[in-house]
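Asker: Structure provided below as structure tokens; questions to follow.
The values are calculated or read from the model by the stated rules, or taken from the named source; none is laboratory data. Predicted model, so just to flag it, every value in this text is computed and none were measured. Because the Cβ atoms are built from the backbone with ideal geometry, glycine has one as well, and the counts that use them run over all protein chains shown.
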Amino acid sequence: MLDKNGIAKRIAKEIKDGYYVNLGIGIPTLVANYIPENINVVLQSENGLLGMGPFPHAGEEDADLINAGKQTITMLPGSAIFDSAMSFGMIRSQKVDLTILGAMEVSEYGDIANWKIPGKLVKGMGGAMDLVASAKNIIVAMQQVNKAGESKLLRQCTLPLTGVRCIRKIVTELAVFEVDAENGGFHLLERAPGISVDEIRNATAGKFFAPVHVPEMDL
Amino acid sequence: MINKVVTDAGAAIAGITDGMTLMLGGFGLCGIPENCIREIVARGISGLTCISNNAGVDDFGIGLMLRKRQVKKMIASYVGENAEFERQLLTGELEVELVPQGTLATRCMAAGYGMPAIFTPAGVGTEVAEGKEVRNFGGKDYLMEMAFDADFAIVKAWKGDTAGNLVYRQTARNFNPVMAMAGKITIAEVEELVPVGALDPDHIHTPGIYVHRIFQGTNYEKRIEQRTVRGH
């Protein structure tokens, strides 16, 4: 079973040379640590920055320079700053090649819920609704099973939706899936090292499809 | 040049009264108008509707206004850093409209560009779409979202001149330029007020025509919400 860093490492393999990438809060933020050094990738932070660099050295933090998770960051040479309207303009017009975000639930048709638990947790959607409604290429990074042992890959989402039929690819602690938004279903593409197809099937509440041979992830 | 300078935050917020709608710039605690918030808290103006991406934290930013029950309604995209906010929301003391972040920014922009509404795919098929007109363009559904209508916009810039031209610094820019354009009356507080002519016209982010009052703020705390540093 993969830990959070393992999920991030697997997702980093989806990033290609020349991509502009938006990383959400949580596991997606860790993906930045595994982007290969031999490709050129620009990270977009939706509060208004292209060219996000690593965290600053201690003593060099700047209150005016943060990412969308409100963490202090740095800028790489060639960075650009812009306002919030332009930031979502480039998201809406699909200039951002890849969006990686977390989820509480995903349905077999690619619906996603990640912003609200009624009566309990009200944090808001931030930029997630804008991202999932417009991005052409979205990868969800999530835990497949919650603390109570219940699958979060469902026939239908039970929580308020963030977006409808928008998720095509999911990476969890157990597997990589492709979602068939037309017919509904989680198609198993890869297994985490040492995890069997049956274990993954048992952790998937929605329609599940697996070919005869399912390769292990190449980490 | 028209002189937009007022002496301080007290003079800047003149005319803000109970029940008004305010836009407040900033993302998290980055680029928030600290001086004006402090003054609004000191005066106890209440029943306010606040449009801002976030609601501050418990003891800073808009959180200070929430703590004194000055906010009747909050329009924001993300409020996860504020326990008092969540408490007031869950008990029903505070009215809240959660808006997707891009929709929030673009509804400000529309106001500043003189457009009554925008169409965006954000929120289609979710509870955000309830009661809103849906239009299909090129096979894809879009929600009609209305431009905001705010009595005052209050923004924070890095530098500004006496004519109201503004320059922001790094990611403290965020919502400030679009909100500056959107208020019926726009107040700008700046870290450094400079004479007309000191700013390069090519480098101005917000032209002074959008700014009605400007002053140099004092005692900026510029608090960092999540201090993160590199490992060794």
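Asker: Considering only the stretch A:17-66, state which residues are in contact (Cβ under 8 Å) with a residue 24 or more places away in the chain and within 8 Å of chain B (Cβ to nearest Cβ).
Answerer: Correct list: A:SER45, A:GLU46, A:ASN47, A:GLY48, A:LEU49.
Asker: When the residues of the stretch A:72-96 are narrowed to those that are out of contact with any Asp or Glu (no Cβ under 9 Å at 6 or more places or on another chain) and in a strand (DSSP E or B), which ends up nearest to A:GLY126 (Cα to Cα)?
Answerer: Out of the qualifying residues, it is A:ILE81.
Asker: Now for a different question. If B:MET146 meets every condition in (1) of a type outside the set (Ser, Thr, Tyr); (2) crowded, with 24+ Cβ neighbours inside 10 Å; (3) away from chain A (no Cβ under 14 Å); (4) within 30 Å of A:ALA135 (Cα to Cα) apart from one, which number is that one?
Answerer: Tallying (1) of a type outside the set (Ser, Thr, Tyr); (2) crowded, with 24+ Cβ neighbours inside 10 Å; (3) away from chain A (no Cβ under 14 Å); (4) within 30 Å of A:ALA135 (Cα to Cα), B:MET146 fails exactly one: (2).
Asker: Only residues that are within 12 Å of the chain's Cα centre (by Cα) and part of a helix (DSSP H, G or I): list them for the stretch B:11-46, please.
Answerer: Matches in the stretch B:11-46: B:GLU34, B:CYS36, B:ILE37.
Asker: Would you confirm whether or not the stretch B:9-30 contains a residue that is within 14 Å of chain A (Cβ to nearest Cβ) and at positive phi?
Answerer: yes
Asker: Given the criterion more than 9 Å from chain A (Cβ to nearest Cβ), part of a strand (DSSP E or B) and either buried (at least 20 other Cβ atoms within 10 Å of the Cβ) or not basic (Lys, Arg) (or both), identify the matching residue among B:VAL96, B:VAL155.
Answerer: After applying the criteria, what remains is B:VAL155.
Asker: Another question, then. What residue, of B:GLU192, B:GLU221, is of a type outside the set (Lys, Arg), within 14 Å of chain A (Cβ to nearest Cβ), assigned to a strand (DSSP E or B) and surrounded by fewer than 18 Cβ atoms within 10 Å (Cβ to Cβ)?
Answerer: B:GLU192
Asker: Among the numbered criteria (1) outside any loop (DSSP other than H, G, I, E, B); (2) over 26 Å from B:LYS140 (Cα atoms); (3) facing chain A (nearest Cβ under 10 Å), which one does B:GLY102 miss?
Answerer: B:GLY102 satisfies every listed condition except (2).
Asker: Among the strands (runs of 3 or more DSSP E) lying completely within the stretch A:162-210, list those that include at least 2 residues that are under 16 Å from the mean Cα position of the chain (by Cα).
Answerer: So the answer is A:169-171, A:175-179.
Asker: To continue, here is another question. Give the residue that is nearest to A:GLU105 (Cα to Cα), with candidates limited to residues of the stretch A:136-157 that are in a loop (DSSP other than H, G, I, E, B) and within 14 Å of chain B (Cβ to nearest Cβ).
Answerer: Taking the candidates together, the pick is A:CYS157.
Asker: A follow-up question, please. Sort through A:LEU98, A:LEU2, A:LEU49 and tell me the only one that's in contact with a strand residue (DSSP E or B) (Cβ under 9 Å, 6 or more places away or on another chain) and within 17 Å of A:THR172 (Cα to Cα).
Answerer: A:LEU2
Asker: Another one. It is to be established whether one or more residues within the stretch B:153-171 are under 28 Å from A:LEU161 (Cβ atoms), at pLDDT 95 or above and not basic (Lys, Arg).
Answerer: There is no residue in the stretch B:153-171 that is under 28 Å from A:LEU161 (Cβ atoms), at pLDDT 95 or above and not basic (Lys, Arg).
Asker: Exactly one condition in (1) surrounded by 24 or more Cβ atoms within 10 Å (Cβ to Cβ); (2) in a helix (DSSP H, G or I); (3) modelled with pLDDT of 95 or more is false for B:GLY123; which is it?
Answerer: (2)
Asker: Specify the residue that is surrounded by the fewest Cβ atoms within 10 Å (Cβ to Cβ); the eligible residues are those in the stretch B:78-89 that are among the hydrophobic types (A, V, I, L, M, F, W, C) and at the interface with chain A (Cβ under 7 Å from one of its Cβ atoms).
Answerer: B:LEU89
Asker: Report, ordered by the first and then the second residue, all pairs with beta carbons closer than 7 Å, sequence separation of six or more or different chains, a first member in the stretch A:162-181 that is on the phi > 0 side of the Ramachandran plot and surrounded by fewer than 22 Cβ atoms within 10 Å (Cβ to Cβ), and a second member that is aromatic (Phe, Trp, Tyr) and part of a loop (DSSP other than H, G, I, E, B).
Answerer: So the pair list comes out as A:ARG165/A:TYR109.
Asker: Only one of these is in contact (Cβ under 8 Å) with a residue 40 or more places away in the chain, part of a loop (DSSP other than H, G, I, E, B), within 8 Å of chain B (Cβ to nearest Cβ) and surrounded by 21 or more Cβ atoms within 10 Å (Cβ to Cβ): A:GLY69, A:GLY110, A:GLY126. Name it.
Answerer: A:GLY126
Asker: If you don't mind, another one. Among the residues of the stretch A:83-101, count how many are within 11 Å of chain B (Cβ to nearest Cβ), hydrophobic (A, V, I, L, M, F, W, C) and crowded, with 19+ Cβ neighbours inside 10 Å.
Answerer: 3
Asker: Is it true that B:GLY63 is of a type outside the set (S, T, N, Q), out of contact with any Ser or Thr (no Cβ under 9 Å at 6 or more places or on another chain) and within 14 Å of chain A (Cβ to nearest Cβ)?
Answerer: yes
Asker: Residue pairs, Cβ under 8 Å, 6 or more apart or interchain, first in the stretch B:10-30 and within 14 Å of B:GLU189 (Cβ to Cβ), second modelled with pLDDT under 95 and among the basic types (Lys, Arg). List them.
Answerer: Pairs found: none.
Asker: Right, another one. What residue, of A:ALA205, A:ALA133, is over 19 Å from A:ILE7 (Cβ atoms), in contact with a Ser or Thr (Cβ under 6 Å, 6 or more places away or on another chain) and not aromatic (Phe, Trp, Tyr)?
Answerer: A:ALA205
Asker: What's the number of the only condition in (1) closer than 26 Å to A:ALA68 by Cα; (2) surrounded by 24 or more Cβ atoms within 10 Å (Cβ to Cβ); (3) not hydrophobic (A, V, I, L, M, F, W, C) that B:GLY164 fails to meet?
Answerer: (1)
Asker: In this structure, is B:ALA129 small (Gly, Ala, Ser) and at the interface with another protein chain (Cβ under 9 Å from one of its Cβ atoms)?
Answerer: Criteria not met by B:ALA129.
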